[in-house]
Amino acid sequence: MTAGLLALELARPAALLALAFPVAVLFASRLLDRPPTTATGTLDVWERVRAALPPTAQRARRRIPPAVWALALGLALGAVALAGPRANAAGPPRVIRALVDVRPSTGLPLRDATRLEAAKSMAAKWLDEDSHGALVERIERAAPFGPDDDRSDTIWITDRAPASRPKHAGFFASGGPAVPGPIAAEGTARWDWDGERIVEVPGGAPRRTFEVRGTLPAPIARVLEAWAGARGVTARSPADEAADLVVHGAGMNASSPPHAVEAGREGWKAKGSLLRPAPSSDEAGALERWLASDDGLALVSSGAGRVHCAWTAMEDPTGDPAAFAVSWASLFDGAIRPPRGIVELGERAAAGEAAWAPPRTDERNEAAASASPLEAWTALGALLCVAGAWALARPARIG
Amino acid sequence: MPSQLGVGSEFVGHRPYAPGDDLRALDWDLLARSSRPWVRVARREAGERWLVRLDASASMGVGPPGKLQRAAEVAAGIAVWGSRSGAAVCVSVAGGEGGPREFRVRRRSEIAGLLAFLGRLRAGGGSGALPPARALAHVSRVFVVGDLRDLRPELVLPLRGRGRSLSLIQILAPLEVAPAPGGSVEWWDPERGGRVSLALDPALVAAYERELEREVEAWREIAARHGVPFGCFLSDRTFEEILERSRPA
């Protein structure tokens, strides 16, 4: 019962001020319901009879008529109905999904921080003031966010306000001016945007590295080496920072016997073996399956900056040899992190003014609340009580 | 007592028969002619002096119907009877607005003046003291008409004396005898000013009625023991009914 009451909320709490009316009705009835004064010549007889009564019964009981009680109850229910009682949609602690835009543009500097930090600050301020106590589920994703992300429990944290305001989701966009800087790199050359023009900087390309952990089958190792040479990606040395691409090979000391597999894509096919399937996630997050065996085992999965290869052995692939190289090169191109400091020209453009909007109330919940039978039942109860008061008062007028 | 009245050696007229009258005084010839019983009135009755003590205290204003209204009508009826019998009747008002007063009726022609006197009466104040002994000299009949609420039998009964009869006529309002149960009421005593608020549930009303009945019965028993006619009447009865049942012999 208590939990049920606590789960109620009022759409118009100010209407509860109308509860003063039933209180006033009861008070007035009490005041006006003074017993009539009647002259008698036998007061001494009444006094003797009263003296024989128990003390609690010696005074006239001033009863409020049932019609007045019914009227007061009706008015009270009416006030509650006006206040709009409904089930508390919040109920358990609210969970807010915070989609954090991790596009390169959000990492551009803005004042003394980054665009993303500024947007996070805006969201944090709103969470603190308007959604205190809500739990926040942080999800890092690259914008744009799609229709599936347009939910009333979701906020978008980004740098550029969406072209059209989402119907349900809130958003916090830092905005920010254009940030000139490197916009592309190829080979050893780098291209910078100075705000007006694009300038080539020979030899200015940032150096990228790769690292192989474990053992890769020879065909794959050869393609990786060729791809790295073509892209100017060098093997990571101990003095380097973290590699821009880490390729995880399969371990060779597993106790279980290897499993023969055959797989292929994009015009090539190869036989080989594996000890265990490629993982679907690692400590850095979810991985996308890139290659599976004919019998459905994951052979290769990848994510930003990493590739997991489960092949323990691989025969030379059949089919077009170039197709094998191009296929794997596209995998490495997609997985390697972009050159540090390189942000595409479109990303460096101005992000506009800072803007934000809170999530909109879930229309479904609101519709459910407006159609909540509790308010209707309360109003109906109020009407019935007032009608009952009228019926009770008709035979003998109130007051 | 009634047997001693209404008989005498010198006939002066007739009056209606009342229960208790000596049948020897009944005029059988007149009964045969009028089909109503009449008794012969002797000279001794005709020379009597009657005193009617009419209570006009504030409690007599209780009603409806007003107790004073009915009591005044009864007093006037007694005066009419007395004048018919040739008795001199003094209506003495106890209490009432303006203090104690009296009106004497010696001839039937003075009845109109008595009615006017009674018509001006207004209930108020206390009922005051009973008539002193000197006021009762040569009075052969005393009538006490009122609610008797402020009188006690031991004070009233001495009004009866040698050669002087006493009749007690108590008049109470219906709401005093049988208050309607239900609801609450604040009872107010117009004489003493006291107030009592009570919820009139049936049990309480029944207890009140028993207590009042006990009081009235006490009056009736004491009066009967002393040979004093006593009657308790509601003010909603007509004065003719009251007179019929308490008519002097």
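The values are calculated or read from the model by the stated rules, or taken from the named source; none is laboratory data. Please read these numbers as outputs of a predicted model, since none were measured by experiment. FYI the Cβ positions are ideal-geometry reconstructions off the backbone, even for glycines, and counts take in every protein chain you see.
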Query raised in the report: Restricting the first residue to region A:57-78 and requiring it to be closer than 26 Å to A:Ala15 by Cβ and more than 14 Å from chain B (Cβ to nearest Cβ), which pairs with a second residue that is modelled with pLDDT under 90 and in a loop (DSSP other than H, G, I, E, B) meet a Cβ separation below 6 Å and a spacing of at least six or different chains?
Result: A:Ala67/A:Ile398
Query raised in the report: Among B:Arg84, B:Arg40, B:Arg15, B:Arg53, which is the only one that is in a strand (DSSP E or B), modelled with pLDDT under 90 and within 25 Å of B:Arg237 (Cβ to Cβ)?
Result: B:Arg15
Query raised in the report: Which ones in region B:137-179 are surrounded by fewer than 18 Cβ atoms within 10 Å (Cβ to Cβ), over 19 Å from B:Tyr208 (Cα atoms) and within 14 Å of chain A (Cβ to nearest Cβ)?
Result: B:Arg152
Query raised in the report: Condition test on B:Val196, is it facing another protein chain (nearest Cβ under 9 Å), without any contact (Cβ under 8 Å) to a residue 60 or more places away in the chain and outside any loop (DSSP other than H, G, I, E, B)?
Result: yes
Query raised in the report: Which pairs have Cβ atoms under 8 Å, sit 6 or more apart or on different chains, and link a residue in region A:258-271 that is touching a residue at least 60 places away in the same chain (Cβ under 8 Å) and in the same structural domain as A:Ala322 (by TED's automatic domain parsing) to one that is in a loop (DSSP other than H, G, I, E, B) and among the charged types (D, E, K, R)?
Result: A:Gly267/A:Asp320
Requested in this report: Would you point out the residue of region A:81-102, among those that are modelled with pLDDT of 85 or more and closer than 30 Å to A:Gly341 by Cα, that is surrounded by the fewest Cβ atoms within 10 Å (Cβ to Cβ)?
Outcome: A:Arg97
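Condition check ((1) within 40 Å of the chain's Cα centre (by Cα); (2) surrounded by 16 or more Cβ atoms within 10 Å (Cβ to Cβ); (3) in contact (Cβ under 8 Å) with a residue 24 or more places away in the chain; (4) more than 16 Å from A:Ser330 (Cβ to Cβ)) across all residues:
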position	(1), (2), (3), (4)
A:Val212	yes, yes, yes, yes
A:Ile220	no, yes, yes, no
A:Gly229	no, no, no, yes
A:Gly232	no, yes, yes, yes
A:Arg236	yes, yes, yes, yes
A:Asp240	yes, no, yes, yes
A:Ala243	yes, yes, yes, yes
A:Val246	yes, yes, yes, yes
A:Ala250	yes, yes, yes, yes
Requested in this report: Quickly run through region A:145-191 and pick out the residues that are in contact with a His (Cβ under 9 Å, 6 or more places away or on another chain) and either in a strand (DSSP E or B) or more than 19 Å from A:Pro358 (Cβ to Cβ) (or both).
Outcome: A:Thr154
Report task. Taking A:Ser105 as the residue in question, decide whether it is polar (S, T, N, Q), at pLDDT 90 or above and within 17 Å of A:Ala354 (Cα to Cα). Result -> no
Report task. Residue by residue through region A:306-331, note down the ones that are touching a strand residue (DSSP E or B) at 6+ places or on another chain (Cβ under 7 Å), more than 16 Å from A:Gly214 (Cβ to Cβ) and of a type in the set (Phe, Trp, Tyr). Result -> A:Phe324
Query raised in the report: Would a scan of region B:224-240 turn up a residue that is basic (Lys, Arg), part of a helix (DSSP H, G or I) and within 13 Å of chain A (Cβ to nearest Cβ)?
Result: no
Query - Subset of region B:77-104 (residues that are surrounded by fewer than 23 Cβ atoms within 10 Å (Cβ to Cβ) and within 11 Å of the chain's Cα centre (by Cα)) - result: B:Gly77
Requested in this report: From (1) away from chain B (no Cβ under 14 Å); (2) loosely packed, with under 14 Cβ neighbours inside 10 Å; (3) at pLDDT 85 or above, pick out the condition that doesn't hold for A:Leu5.
Outcome: (3)
Query raised in the report: Failed condition for B:Ser92, given (1) more than 14 Å from every other protein chain (Cβ to nearest Cβ); (2) modelled with pLDDT under 90, with all others met?
Result: (2)
Query - Criterion: in the same structural domain as A:Ser280 (by TED's automatic domain parsing), part of a loop (DSSP other than H, G, I, E, B) and of a type in the set (Asp, Glu) - qualifying residue of A:Glu196, A:Glu241 - result: A:Glu241
Query raised in the report: Can you pull out the residues in region A:22-50 that are more than 14 Å from chain B (Cβ to nearest Cβ) and surrounded by 16 or more Cβ atoms within 10 Å (Cβ to Cβ)?
Result: A:Pro22, A:Val25, A:Leu26
Report summary line: The condition from (1) within 26 Å of A:Gly346 (Cβ to Cβ); (2) surrounded by 15 or more Cβ atoms within 10 Å (Cβ to Cβ) that A:Trp126 misses is numbered (1)
Query raised in the report: Restricting attention to region B:199-214, and to residues there that are more than 7 Å from chain A (Cβ to nearest Cβ) and modelled with pLDDT of 90 or more, which single residue is farthest from A:Thr38 (Cα to Cα)?
Result: B:Arg214
